[in-house]
Structure formats: C-alpha cells, structure tokens
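Novice: I have a structure I would like to understand better, so I am pasting it below and will then ask my questions one at a time.
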Amino acid sequence: MAYRDLREFIRRLEKEGELKRISQEVDPVLEVSEITDRVTKAGGPALLFEKPKGSRHPLLINMLGTKRRVNLALEVNELEEVAARIRSYIDFQSPQGLMEKLKMLPKLAEIGAFFPKTVKDGPCKEVVRKNGFSLSEFPIQQCWPQDGGRFITWPLVITRNPETGKRNVGVYRMQVYDDRSTGMHWQTQKHGAEHFRRARSRHGDGKLEVAVAIGSDPATCLAGILPVPPDLDEMLFAGFLRKEPVEMVPCETVDLEVPANAEIVLEGYVSLGEMRREGPFGDHTGFYSLEGDYPVFRVTSMTHRKDPIYLGTLVGPPPQDDYFIGHAIERIFLPVMKMQYPEIADIAMPAEGIFHNLMIVAIRKSYPGHARKIMSAIWSLGQAMFTKVIVVVDHDVDVQNFREVVWKSLCAIDPERDIQFVKGPVDTLDHAARMQDFGSKMGIDATRKWPSEGFTRGWPDEIVMSPEVKGRIAAIWGSLGLK
Ligand SMILES: Cc1cc2nc3c(=O)[nH]c(=O)nc-3n(C[C@H](O)[C@H](O)[C@H](O)COP(=O)(O)O)c2cc1C
Ligand SMILES: [Mn+2]
C-alpha cells in the first residue's frame, strides 16, 4: 500500500526509529542547517522541528538522508527491486533509443494503471485562502550565511507546456522576496524554463500559470527530481513508483492540478516579461551559486491542510540528503541506460562529484574507440549532458570502489592520448565554466588500449597471488601469530 501522504510516511519513519522530533525552538534561519548538516553527515535520522522560530507549523527535513530511508520511501528492501520493475516493463525489441524507451512508459502504464487520477477534493483543500495570507507563515529556511534570503527548497513546481498542454513537475528552489512573491530558479535546460520560453514566444507580456505543492507522499516528492524526458508526466512516474495513481485535484484559481495529499499548495503565475535577481544560494556544490536573473512567481491563492507540515531539504557541502536521492535516481535509471547501451556494466557518481562533475563508467569494450563512443552517448543523454568528467574503465574494474578506480585508471592512461575534450552545455551551477551554462567537458579513456587503437606494446597482467599459495597460507594462518 502506497503512503497516503507525508504524515503517513512520518509515522512510518518514527516507527522505524528513523525520525527524531525536536521540541526546542530552533530558527529556520541558519540554525536548522547547522543541526541538519551534523545529523546528515553522521547518517542520522530525519528531523521534525516542532517549533521552528517564527512559525506555527512544523518543519520536516533530512527526509531521505540515508539509503534505508530511501528504501522505506519506495517501499523496497533494495533499489534493485525498482530497477527490476522498470526492466520488466520496458520492451526490449521495438523502441529505438533511450528516449523512445522512456516515452513508452505511458503506454506501459496502461496495463499498470499508474496514470494520475483526477479527484474533486482532497486534504490540501482543508483551508482555502484567497486573501490575507503570507509565505512568512511557514518555516522557510535561510540555509547558509551568504544566502540572498529564505528559500523554499523542496517545491514541486507544476506547469503546463503551452503548446502540448502536457504537465511538468520539477523541483526548482524559490527565493522568498515578500509575502506573496518568490524567485523561480528553473535552470535554462529544465522543462519549466522551456515552458516559460514557449509561453513567452507566444505572448511576451502574458503569464504562465504555476502551481507549487510542498510536502506529499515521498514517491511523489521524489518524482519532481527525476530526470524524465520532456512531456512525460512526472506524476505518472510517481504512480509507477508508488504502484498507485497519484490523486490530483484541480486548483482554485489556475488551470492546473496538484497532488490532493499535498500539505501546502501555492497557486499563481510567472509574468513572462519580468525577471529579478535571484541568489546567492549555498548550493549542493558546496559553494554559493552566484546571483542571476530568473522569473518571479506571484502567489494569488494558497490552500493547505488544517495543520500543514512544511517539507524542506538542505543542500550544501556533500553529502546531504540529495546525495541519497541522486543515488536512487542513478540506480533506478541504470537499467534504462543499459538497455540502450548494453556494453555498460555499471556506473558510479561519488558524492564529492555532486553528480554532474564525475561519472565513472565501466564498459565491456568491444571495438576500437568504444570508450569514446560511450562518452558521447552520456553527453547526449538528458541531464547526463552536464557530466563534466567521465572516466571510462574496463568492466573488470569495480566502479563502486573509488580507490580501485583511481589506482587502475591512472595506471591505464597516457594523458595526452587518452583525454578527450568537448564543448557543450554545462550545469548552471558550474561556477568554473567560462560562462554560465556553456563550457567544456572531459572524458578519460582509462580502458586497456588495444593494438587496433594503435597501442602495440604489451599490456601487463594485474598482480594476483596463485590460489594454491593462498590456500596453503590460509591453512597455517592461525599458527603464525598474526592478526
Ligand atoms: C533539493 C534540490 C533542489 C533543486 N533545485 C533546483 C533548482 O533550483 N533549479 C533547477 O533547475 N533544478 C533544481 N534541482 C534539480 C531538478 O529538480 C531536476 O533537474 C529535475 O529533473 C528537473 O525537472 P525537469 O526535468 O522536469 O525540469 C534541484 C534538485 C534537488 C534535489
Ligand atoms: Mn520534466
């Protein structure tokens, strides 16, 4: 049975010893961050701040900050179970290309009935407010000292593609400017930004309707972060993850629907002709992302539960709970990637690489130049286009063992020969790139080099002790007086 809502998940976390209530008053300005940072780095529990300073509503944070909590959120023992479900739904034969395969998911869902379901009413409508409300009622965090203000950190931002009418749900941080307006930090390659551009090209001085849901069942919250192709509804994917459709309820003042179980819903619009300074914001790179111009979200109405729980997250020096979220995404999508590129044995993105900076890929190498082909494939694959450094190793290297990767890949390269540079889109948060959103990327071919690649010297074997000797020594080990 899927979690009905955020609070049912909170109860489960509590039962599992995975949640700590904090009854002391703590300030969502900086203090919550210092506590959360310590707890996340120690592998500690989710935190429910019952008395955030200046608000009557509790704040839940570090919800998915361990592998165990991610598994609890997805109701599995291991992420591999989700990966296996995905494998079982994807047709191996007919679709060409990864994107086509992903786009088949809606079709597949017809048999699974994961489509979101529209309902008339829901808990998010317990209180409907069209006047006299303010964002300041909520315990919205200022995460780090140099942040430009308070930021809503886990909003599910819902828009509709003005051309196709298809829904998008993305998590884009929102800087609070005043009681009823915020920034809308959708980065230029994200789907919300594309909806904005398309709407603007039609009527530059108009509005794009936006609804924002804060706090829902964990699979729905997670779905806003998933890198699914444009025009594939994240709520369908949420339904797939929770094995039950997400119930969506129409908004009061805009032509959009929101998860009925949401704790808080903000309805409003982004004016197409207005931009405003946003940031700085202490980001998941461990550095501040610089100020930039982004659209402004104006809240025209707010609905919430009688006793709403505000959901936030903390990004900052890694690892934070976004590492565990990202890791889940990596494991869930790996089978899809492998279907298109069966030569991929495994991939790894270490926490310190904050996802877009480093991907290690092990391949079963079959032809000259194969490692470079895989680099190109990754740079063309949805949000993997942002990967700044790709290291390709042979399939017998354990990519999850970073010591082994460093050792073996450094031994395997002649740098001038094996490094490939390309230029293209880079992550907006990359502060070292020559300009925002555009820069270079590097691939390191750390596979064994072949004669057919021009390498005519011999390649040495790795040192391994013979099994006979290992066995003989194991037998006498106890008598040697060694540990
Ligand atoms: C905690 C957190 C905060 C995020 N903040 C932003 C953000 O401010 N802007 C952005 O473009 N992406 C942000 N992301 C990443 C997007 O949610 C992610 O790329 C998602 O796939 C975007 O959805 P889309 O593909 O429908 O645009 C954030 C992710 C997490 C986990
Ligand atoms: Mn999307």
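Novice: Tell me which residues, restricted to segment 370-389, are open to solvent by 30 Å² or more (accessible area, probe 1.4 Å) and closer than 21 Å to TRP450 by Cα.
Specialist: Within segment 370-389, ARG372, LYS373, SER376 qualify.
Each row is one residue, and each column tells you yes or no for (1) more than 15 Å from ligand 1 (Cβ to nearest atom); (2) within 30 Å of LYS101 (Cβ to Cβ).
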| position | (1), (2) |
| --- | --- |
| LEU232 | no, yes |
| LYS243 | yes, yes |
| VAL249 | yes, no |
| VAL265 | yes, no |
| VAL270 | no, no |
| GLY273 | yes, no |
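Novice: Let me ask something additional. Report every pair of residues separated by at least 6 positions or lying on different chains whose Cβ atoms are under 7 Å apart, first residue within segment 438-457 and outside any loop (DSSP other than H, G, I, E, B), second hydroxyl-bearing (Ser, Thr, Tyr).
Specialist: Cβ pairs passing all conditions: LYS441/THR387; ILE444/SER409.
Residue by residue, here is whether (1) within 15 Å of ligand 2 (Cβ to nearest atom); (2) more than 20 Å from the chain's Cα centre (by Cα) holds:
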site	(1), (2)
ASP217	no, no
LEU222	yes, no
VAL228	yes, no
PHE240	yes, no
VAL249	no, yes
ALA260	no, yes
LEU266	no, yes
GLU274	no, yes
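Yes/no per residue for (1) more than 23 Å from ALA433 (Cα to Cα); (2) open to solvent by 10 Å² or more (accessible area, probe 1.4 Å); (3) free of Cβ contacts under 8 Å to residues at least 24 places away in the same chain; (4) of a type outside the set (S, T, N, Q):
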residue	(1), (2), (3), (4)
GLY268	yes, no, no, yes
LYS306	yes, yes, no, yes
LEU314	yes, no, no, yes
PRO317	no, yes, no, yes
PHE324	yes, yes, no, yes
ILE329	yes, yes, no, yes
MET339	yes, yes, no, yes
PRO342	yes, yes, yes, yes
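Novice: Residue by residue through segment 186-201, note down the ones that are of a type in the set (D, E, K, R) and within 9 Å of ligand 1 (Cβ to nearest atom). Please lay out each step first, then the result.
Specialist: Looking only at segment 186-201, we keep the residues that are of a type in the set (D, E, K, R), and these are 190, 194, 197-198, 200.
LYS190, GLU194 - these are the residues of segment 186-201 that are of a type in the set (D, E, K, R) and within 9 Å of ligand 1 (Cβ to nearest atom).
Novice: Quick one: how many residues across segment 103-154 are touching a Phe, Trp or Tyr at 6+ places or on another chain (Cβ under 6 Å), modelled with pLDDT under 95 and over 21 Å from VAL258 (Cβ atoms)?
Specialist: Qualifying residue count, segment 103-154: 1.
Novice: Give segment 279-305 a look and list any residue that's of a type in the set (A, V, I, L, M) and touching a helix residue (DSSP H, G or I) at 6+ places or on another chain (Cβ under 9 Å), or say none.
Specialist: Kept after step one, since they are of a type in the set (A, V, I, L, M), are these residues of segment 279-305: 290, 296, 299, 302.
Within segment 279-305, VAL299, MET302 qualify.
Novice: Restricted to segment 192-209, and to residues that are closer than 25 Å to GLY149 by Cα and within 14 Å of ligand 2 (Cβ to nearest atom), which residue is surrounded by the fewest Cβ atoms within 10 Å (Cβ to Cβ)?
Specialist: ALA193
Novice: Any residue at all in segment 324-340 that is on the phi < 0 side of the Ramachandran plot, within 16 Å of ligand 2 (Cβ to nearest atom) and aromatic (Phe, Trp, Tyr)?
Specialist: Yes: one or more hits.
Novice: Considering (1) assigned to a strand (DSSP E or B); (2) under 12 Å from the mean Cα position of the chain (by Cα), say which one VAL296 fails and leave the rest.
Specialist: (2)
Novice: Now a separate question. Are there helices (runs of 4 or more DSSP H) fully within segment 304-421 with at least 3 residues that are over 21 Å from the mean Cα position of the chain (by Cα) and away from ligand 1 (no atom under 16 Å from the Cβ)? List them.
Specialist: Details: elements: 321-340, 370-379, 402-412, 415-418.
Output list reads 370-379, 402-412, 415-418.
Novice: Just to be sure before I move on: is LEU6 closer than 25 Å to LEU74 by Cα and touching a strand residue (DSSP E or B) at 6+ places or on another chain (Cβ under 8 Å) in the structure I sent? Spell out how you get there, then give the answer.
Specialist: On the way: closer than 25 Å to LEU74 by Cα: yes; touching a strand residue (DSSP E or B) at 6+ places or on another chain (Cβ under 8 Å): yes.
Considered against the rule, which asks whether it is closer than 25 Å to LEU74 by Cα and touching a strand residue (DSSP E or B) at 6+ places or on another chain (Cβ under 8 Å), LEU6 comes out as yes.
Novice: Here is a further query. Of all residues in segment 460-473, count the ones that are open to solvent by less than 100 Å² (accessible area, probe 1.4 Å) and under 40 Å from the mean Cα position of the chain (by Cα).
Specialist: Within segment 460-473, residues that are open to solvent by less than 100 Å² (accessible area, probe 1.4 Å) and under 40 Å from the mean Cα position of the chain (by Cα) number 1.
Novice: State the number of residues belonging to segment 360-369 that are more than 15 Å from LYS338 (Cα to Cα) and buried (at least 18 other Cβ atoms within 10 Å of the Cβ).
Specialist: Of the residues in that region, 0 qualify.
Novice: Out of VAL406, VAL426, VAL393, VAL422, which single residue is of a type in the set (A, V, I, L, M) and in contact with an Asp or Glu (Cβ under 7 Å, 6 or more places away or on another chain)? Spell out the reasoning first.
Specialist: Details: VAL406 fails: in contact with an Asp or Glu (Cβ under 7 Å, 6 or more places away or on another chain); VAL393 fails: in contact with an Asp or Glu (Cβ under 7 Å, 6 or more places away or on another chain); VAL422 fails: in contact with an Asp or Glu (Cβ under 7 Å, 6 or more places away or on another chain).
The match here is VAL426.
Novice: Can I ask one more? It is to be established whether one or more residues within segment 176-185 are touching a helix residue (DSSP H, G or I) at 6+ places or on another chain (Cβ under 9 Å), touching a residue at least 40 places away in the same chain (Cβ under 8 Å), open to solvent by less than 10 Å² (accessible area, probe 1.4 Å) and within 13 Å of ligand 1 (Cβ to nearest atom).
Specialist: Yes; the residues of segment 176-185 include at least one that is touching a helix residue (DSSP H, G or I) at 6+ places or on another chain (Cβ under 9 Å), touching a residue at least 40 places away in the same chain (Cβ under 8 Å), open to solvent by less than 10 Å² (accessible area, probe 1.4 Å) and within 13 Å of ligand 1 (Cβ to nearest atom).
Novice: While we're on this one: Right, GLU278: charged (D, E, K, R) and out of contact with any Asp or Glu (no Cβ under 8 Å at 6 or more places or on another chain) or not?
Specialist: Details: charged (D, E, K, R): yes; out of contact with any Asp or Glu (no Cβ under 8 Å at 6 or more places or on another chain): no.
Criteria not met by GLU278.
The values are calculated or read from the model by the stated rules, or taken from the named source; none is laboratory data. What you see is a predicted model, and the numbers here were worked out from it, not measured in a lab. A quick note on method: Cβ atoms are made from the backbone with ideal geometry, for glycine too, and the neighbour counts reach across all protein chains shown. Ligands, DNA and RNA are excluded from the accessible area calculation, which covers all protein heavy atoms including side chains. Shrake-Rupley method; radii C 1.70, N 1.55, O 1.52, S 1.80 Å.
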